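Worksheet for the structure shown next.
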Amino acid sequence: MLDVRDLSVSYGTIRAVRGITFTVGKGELVSLLGANGAGKSSTIKAIAGALKTSGGAVTLEGRDITSANPEQVIRAGLATVPETRDVFPDLTVAENLMLGAYIHRRDHAGNRENLDRLHTLFPRLAERAAQAAGTLSGGEQQMLVIARALMARPSVLLLDEPSLGLAPAIVERIFEMIETLKKSGLTILLVEQNVNQALAVADRAYVMRLGAIVASGTADEIRSTSDLSAHYLGG
Amino acid sequence: MAFAIQFVIDVLSLGGAYALMALGLVIIYGILRLVNFAYGELIMVAGYTMFLTSGSGLPWLLMAVLAVVMAIVFGILTDYVAFRPVRAKSVTAVLITSFAFSNLLQNAALLFISPRPRNVPLPDIFSQTVSIGGAITPVRNLITIAASIVLLAAVAFLMRKTTLGIAMRAAATNFTMARMLGVPANLIISSAFALSGFLAGVVGLLWIGRIGTVVPGVGLEPLLVAFIATVIGGMRSLPGAVVGGFLLALIDTTLNYTLSQDLLKFRDAFTFSLVILILLWRPEGLIKGPASGQRT
């Protein structure tokens with residue numbers, strides 16, 4: 001489904017991502033793990049078209065999207081939830097969701113159906129539809145950006161650190177919701193620092209360190225690798 | 001009573017024009033975080049279109065529509081010539097290219113038309129006066145008030161109720177995120193320039209309607225007024241631009257009414273002193289823009 005081959009990203013002379021290769025199969029939930037600064041978010045941004053790649057290729061269902069801009073990537077069927085939890089604070093919850101469906105803006109019936117489905121998944125967003133998104137709590141904002149990404153009806157969802165800075169109880173709920181999405185057949189690439197929780201939902205995982213992939217395998221294999229903590233502690 | 005009515009009409013008509021000018025500037029600033037210094041020339045373009053079509057025998061209204069259309073065309077042209085080629089690369093470059101485009105248009109007018117004022121055709125109604133409750137006021141002031149109410153309402157509707165408007169507001173807070181949802185960057189920016197040109201065109205007609213002539217530098221004062229109004233109101237807030245425009249008009253009109261003849265020539269000094277006081281009190285302007293924001 002999503003194939004990343006030898007992807008490199010540089011900021012000036014600093015190479016943040018050094019030729020990484022990984023795949024996410026259809027209906028799979030793959031996790032990209034690693035400490036702060038390992039190059040996970042740069043990878044996500046490069047795939048989403050928000051950051052220029054300096055080498056390698058990204059293909060989505062056989063289509064080359066390596067040098068596509070963000071608006072082309074979403075049209076190709078890949079939606080991104082960035083780690084910065086970018087709601088549009090001045091717009092209402094309903095307006096945020098409406099913009100999520102921008103690429104389907106003429107398909108009113110389809111959007112309404114999709115919105116109803118998301119409102120059952122996230123009842124909070126239905127209650128707060130008329131409220132400015134900036135007034136939501138952190139957890140609600142996270143739900144909103146995920147729901148907004150799903151309004152585009154993507155075939156692949158990139159989730160960048162959905163648990164970042166949220167209370168444990170809310171993190172729990174977010175992961176439950178990620179499992180629900182996985183069960184619905186959505187292909188997901190989940191970037192996380194929260195290793196245990198990510199491995200609990202993931203089929204497979206890749207571990208990044210200093211811009212390179214240093215381990216890969218099924219969730220169980222990764223969990224049993226004893227030096228996993230070393231990659232996090234920098235040892 | 002008559003005095004009060006006169007005062008209110010003066011403030012509202014000047015404020016309406018100021019508010020529209022400021023709105024045209026802030027719509028672009030909100031999205032690109034860049035001031036379009038060629039904005040005043042859009043007003044000039046509207047004026048010269050009126051002058052150049054004045055001999056054509058077209059009905060006035062058609063000439064006016066043509067003038068607004070030309071302002072829109074030149075607004076979009078500003079994007080293509082001065083902004084698009086350099087906007088992702090350097091802020092300083094855009095400052096210079098927008099100044100350069102402004103200069104280019106002014107000098108083209110100097111060279112190909114004339115440095116002297118040129119008459120702009122105006123319907124009789126622009127020079128008539130009317131008495132309201134004992135106050136005698138030019139009809140064009142009432143036209144300005146009506147036009148600004150209609151346009152402000154139309155812009156509010158566009159920005160709040162249409163997908164394009166909501167996408168423009170989203171792009172103004174977080175351009176990259178809007179693009180990641182599929183909102184095309186170039187469409188949003190061109191729309192902003194078109195809307196800016198539309199407002200400049202209408203303001204141009206109203207503004208030039210006061211003077212009756214057009215000169216190559218006619219856009220300088222509206223640009224300055226728009227810039228000050230947006231600074232007072234908050235550089236990134238559309239309602240702020242409107243509030244700033246009306247407040248600036250209130251200050252100007254009050255000074256016009258109260259300053260003695262000797263002091264009136266220093267009116268701008270008084271106005272700017274008040275503006276400085278407002279900014280000391282509220283450095284970010286009266287209405288704060290969206291919390292986050294980034295450049296493309």
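The values are calculated or read from the model by the stated rules, or taken from the named source; none is laboratory data. This is a predicted model, so every value here is computed, not measured. Neighbour counts run over all protein chains shown; Cβ positions are idealised from the backbone, glycine included.
For segment A:217-232, the condition of being modelled with pLDDT under 90 and surrounded by 19 or more Cβ atoms within 10 Å (Cβ to Cβ) holds for at least one residue.
Just so you know, in segment B:129-146 the residues that are of a type in the set (S, T, N, Q) and more than 25 Å from the chain's Cα centre (by Cα) include one that is farthest from residue B:203 (Cα to Cα), and it is B:131. Taken over segment A:61-91, residues that are surrounded by fewer than 19 Cβ atoms within 10 Å (Cβ to Cβ), at the interface with chain B (Cβ under 10 Å from one of its Cβ atoms) and of a type in the set (S, T, N, Q) amount to 3.
Checking the condition out of contact with any Gly (no Cβ under 6 Å at 6 or more places or on another chain), β-branched (Val, Ile, Thr) and more than 14 Å from chain A (Cβ to nearest Cβ), which residue from B:202, B:214, B:183 passes? Step by step, each of B:202, B:214, B:183 is checked, and only B:202 is out of contact with any Gly (no Cβ under 6 Å at 6 or more places or on another chain), β-branched (Val, Ile, Thr) and more than 14 Å from chain A (Cβ to nearest Cβ).
Checking segment B:127-134 against the condition returns a match, with at least one residue being part of a loop (DSSP other than H, G, I, E, B) and either touching a Gly at 6+ places or on another chain (Cβ under 9 Å) or among the small types (Gly, Ala, Ser) (or both). Considering segment A:49-60, and only residues there that are in a loop (DSSP other than H, G, I, E, B) and more than 10 Å from chain B (Cβ to nearest Cβ), the residue that is farthest from residue A:211 (Cα to Cα) turns out to be A:52. Each residue in segment B:150-161 was checked for being in contact with a helix residue (DSSP H, G or I) (Cβ under 9 Å, 6 or more places away or on another chain) and either of a type in the set (Val, Ile, Thr) or facing chain A (nearest Cβ under 7 Å) (or both), and 1 pass. Which of (1) within 14 Å of another protein chain (Cβ to nearest Cβ); (2) small (Gly, Ala, Ser); (3) assigned to a strand (DSSP E or B) is the odd one out, the single condition residue A:46 does not satisfy? Every condition holds for residue A:46 apart from (3).
Pick from B:187, B:181, B:224, B:111: which is surrounded by 14 or more Cβ atoms within 10 Å (Cβ to Cβ), out of contact with any strand residue (DSSP E or B) (no Cβ under 9 Å at 6 or more places or on another chain) and of a type outside the set (Lys, Arg)? Answer to the check: B:187.
Of the candidates A:219, A:147, A:167, the single residue that is of a type outside the set (Ser, Thr, Tyr), within 14 Å of another protein chain (Cβ to nearest Cβ) and in contact (Cβ under 8 Å) with a residue 24 or more places away in the chain is A:147.
Inspection of segment B:190-207 finds no residue satisfying the criterion of being without any contact (Cβ under 8 Å) to a residue 24 or more places away in the chain and surrounded by fewer than 24 Cβ atoms within 10 Å (Cβ to Cβ). If you go through segment B:170-185 and keep only what is over 17 Å from residue A:49 (Cα atoms) and modelled with pLDDT under 90, you end up with B:172, B:173. Inspect segment A:95-109 for any residue being within 9 Å of chain B (Cβ to nearest Cβ), of a type in the set (S, T, N, Q), surrounded by fewer than 20 Cβ atoms within 10 Å (Cβ to Cβ) and without any contact (Cβ under 8 Å) to a residue 60 or more places away in the chain and give the result as yes or no. No, the conditions are met nowhere in segment A:95-109. If you go through segment B:170-180, how many residues are of a type outside the set (Gly, Ala, Ser), in contact (Cβ under 8 Å) with a residue 12 or more places away in the chain and facing another protein chain (nearest Cβ under 7 Å)? Count: 3. Among the residues of segment B:53-60, some residue qualifies, meaning at least one is over 18 Å from the mean Cα position of the chain (by Cα) and within 28 Å of residue B:12 (Cα to Cα). Taking helices (runs of 4 or more DSSP H) as the structural unit, those lying wholly within segment B:152-246 and holding at least 2 residues that are over 30 Å from residue A:132 (Cα atoms) and within 15 Å of the chain's Cα centre (by Cα) correspond to B:185-211, B:220-233.
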